[in-house]
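To keep things clear, I will list the structure first and then write my remarks on it.
The values are calculated or read from the model by the stated rules, or taken from the named source; none is laboratory data. Just so we're clear, the structure is a prediction, and the values are computed from it rather than from any experiment. When we count neighbours, we look across all protein chains shown, and the Cβ atoms used for this are built from the backbone with ideal geometry, even at glycine. Keep in mind that these areas ignore ligands, DNA and RNA; they rest on the heavy atoms of the full protein, side chains included. Shrake-Rupley method; radii C 1.70, N 1.55, O 1.52, S 1.80 Å.
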Amino acid sequence: METRKADLEMTPEQFRTLGYQAIDQLAAFLSELPQMDVTTTKEKVELAKELSHFSADEPTPSDKVIAETIQLMKNGSLYNSHPKFWGYITSSPAPIGIIGDLIASCFNQNVGANQLSPMATEIELQAIRWIAEAINCPEHGQGIMVSGGNMANMIGFLAAKTNQAKWKVREQGLADHPQLVAYCAKGTHTWIQKSADLFGVGTDWVRWIDLDSDQRMKTDILEMKIKDDLDAGNQPFMVVGTAGSVSTGVVDPLDTIADICEKYSLWFHVDGAYGAPAAMVASEAHHFKGMNRADSIALDPHKWLYSPLEVGCTLVKSGQTLLDTFSANPEYYGFEEDPNKAVNFFAYGIQNSRGFRALKVWMSFRQVGISGFRQMIADDITLAKELYSLASATPQIEVLSQYLSITTFRYLPTKTMSEEELNKLNEAIVSRMQKEGKVFVSNALVDGKYALRACIVNFRTTSSDLEFLISETLRLGKELSH
Ligand SMILES: *Cc1c(COP(=O)(O)O)cnc(C)c1O
């Protein structure tokens, strides 16, 4: 084949023209966003019908593909970039992160092996060190970037299992050995169940520790359960402290958990998927005392570092603990094995081929610095507190909790209702609010009370957006309680 016509290829000139067109259309979307609803109101059938016009049989001009794609997404999405979006824990994506993903795809590095991604590997290593420094855990400057919080926590779980088992667990498995047991607070995110299940420990061997009246793990019960398991001949192997729970944002007593882990020689893992970045903010730093004693920390840059999905990160003090857990050197690779000469990320985690997720995180650190993140996170927390004050000052609203940037509250009608009726009413409010799409919150159960839950990890939100949330709650509460 002397010359070749590949249909996917574009000339540099075509790429430039189409790229400008795409960016122009995306910039227009971002500028219209504040005036738009937060989510589409279209049903699944309608969306599927829109797609039924397209076919994989006929090639379509690229400019048409780009314009139609952006139109489809614009008319059929939930916009977590919207200033009035506070559902779950999903941030507005930083524009520089969006551009970072584009650059990363263009160079298309496989950050599984150093040789395949020389500078990308260095950038990932530097981004990991910057995250560790930012959250005041500079000794945790090693680790790996993964797809999100679940994976970041699973890496911690697997490292705990391999480093704690007193036998060759990678070779021998778990049968015919003492039962491994993990400990975490009630309400810990479901990654712990998935891990116990997938990695063979078994979900019956997760001990869910009760919470105190502040929703934090009761550490005296933790210690008691560990002793009970030791007496029964089981092998406790890890304790999870959550730094920012997914429902209410509360931080477990990390320093006390670290003491207990030290006393019983257990792996201490911190799930800071959501909350760990708040350790940058001076007024919140006391909650995170003891986080620097963890063996592993999970943190999600796609939450409170405002990176576009996906990127999670596991931080460890010693990269060797990850190598001990994951490395295997098949003969078909022959990559350099000395980590001082080359870091091959495939040996530090589960993935083999890996994309360059680190770039968007690294570029945003360069754009705003740690001080820029500190300010945005502090502002999110200030706004969440403002929402709490606004809600407390509103007669028809009962505030339920406020930790980090999560505020929960519920509507109370003038007529008396049972707890069950109140839960039903507030569930209906959340559901209607999400459907109408003027403003978006999700829900939490706080002490059995169904709550509206706003989690502000959104650098576009301002006070008036929160005032609107309160007025919408009152409007829907009134309407639905009649
Ligand atoms: C979001 C979250 C997770 C899961 O992270 P994903 O990025 O959704 O996989 C785990 N733990 C906590 C505390 C979280 O907030």
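With both labels modelled 7 Å from their Cα along Cα-to-Cβ, the residue 133 to residue 259 distance reads 3.3 nm. How would you classify the chain from its alpha-carbon gyration tensor, with a ≥ b ≥ c the square roots of the eigenvalues: rounded for a/c under 1.5, else prolate if a/b is greater than b/c, otherwise oblate? Here the chain falls in the oblate category.
Full extension of the chain between residue 327 and residue 64 gives 90.1 nm of extra length, using 0.36 nm per residue less the Cα-Cα distance. Surface calculation, 1.4 Å probe, protein heavy atoms: residue 224 sits at approximately 100 Å² accessible. Each label was represented as a point 7 Å from its Cα along the Cα-to-Cβ direction; for residue 228 and residue 106 these points are 5.9 nm apart.
Considered as an equivalent ellipsoid built on the Cα gyration tensor, region 30-178 has semi-axes of 39, 22, 20 Å, the largest given first. Stretched out straight at 0.36 nm per residue, the stretch from residue 126 to residue 46 would grow longer than its current Cα-Cα span by 24.2 nm.
Ordering 411, 264 by accessible area with a probe of 1.4 Å, largest first, what comes out?
264, 411
The accessible-area ordering, largest first, of the residues 4, 475, 453, 366 stands as 4, 366, 475, 453, per a 1.4 angstrom probe. The calculated FRET efficiency for the pair residue 471 and residue 4, based on their C-beta separation and a Förster distance of 45 Å, comes to about 0.15.
Candidate cross-link partners of residue 438 among the lysines, defined by an alpha-carbon separation under 28 Å and a same-chain spacing of 8 or more, comprise 42, 44, 49, 74, 84, 303, 385, 415, 424, 449, 478. Quick one: grab the alpha carbon gyration tensor of region 350-397, order the square roots of its eigenvalues as a ≥ b ≥ c, and give me rounded if a/c is under 1.5, else prolate or oblate depending on whether a/b is larger than b/c. Note, shape of region 350-397 comes out oblate.
Available extension along the chain between residue 320 and residue 418 is 29.7 nm, counting 0.36 nm per residue and deducting the alpha carbon span.
Using only side-chain charges placed at the Cβ, +1 for Lys and Arg and -1 for Asp and Glu, the dipole size of the chain relative to its Cα centre rounds to 480 debye. Report the calculated FRET efficiency for residue 341 and residue 170 (r = Cβ-Cβ distance, R0 = 35 Å), to the nearest 0.05. Computed FRET efficiency for residue 341 and residue 170: 0.90. Each pair of Cα atoms in region 328-369 enters the Kirkwood radius, and Stokes-Einstein at 25 °C and 0.890 mPa s then converts it into a translational diffusion coefficient of 197 µm²/s.
According to the calculation over all Cα-Cα pairs in region 9-115, the P(r) per 5 Å bin from zero is 2, 9, 15, 18, 18, 17, 13, 6, 2, 0 %.
Given the DSSP H assignment, sum -39500 (n - 2.57) over each helix run of at least 4 residues in the chain and divide by its residue total; what's the result at 222 nm in deg cm²/dmol, nearest 500?
One gets -14000 deg cm²/dmol as the mean residue ellipticity at 222 nm.
Start at zero, step by 5 Å, and the Cα-Cα distances of region 169-237 spread as 4, 16, 24, 23, 18, 10, 3, 1, 0 percent across the bins.
Using the eigenvalues of the Cα gyration tensor, what equivalent ellipsoid semi-axes result for region 353-482 when each is taken as the square root of five times the eigenvalue, whole Å, largest first?
Sorted largest first and rounded, they come to 33, 16, 13 Å.
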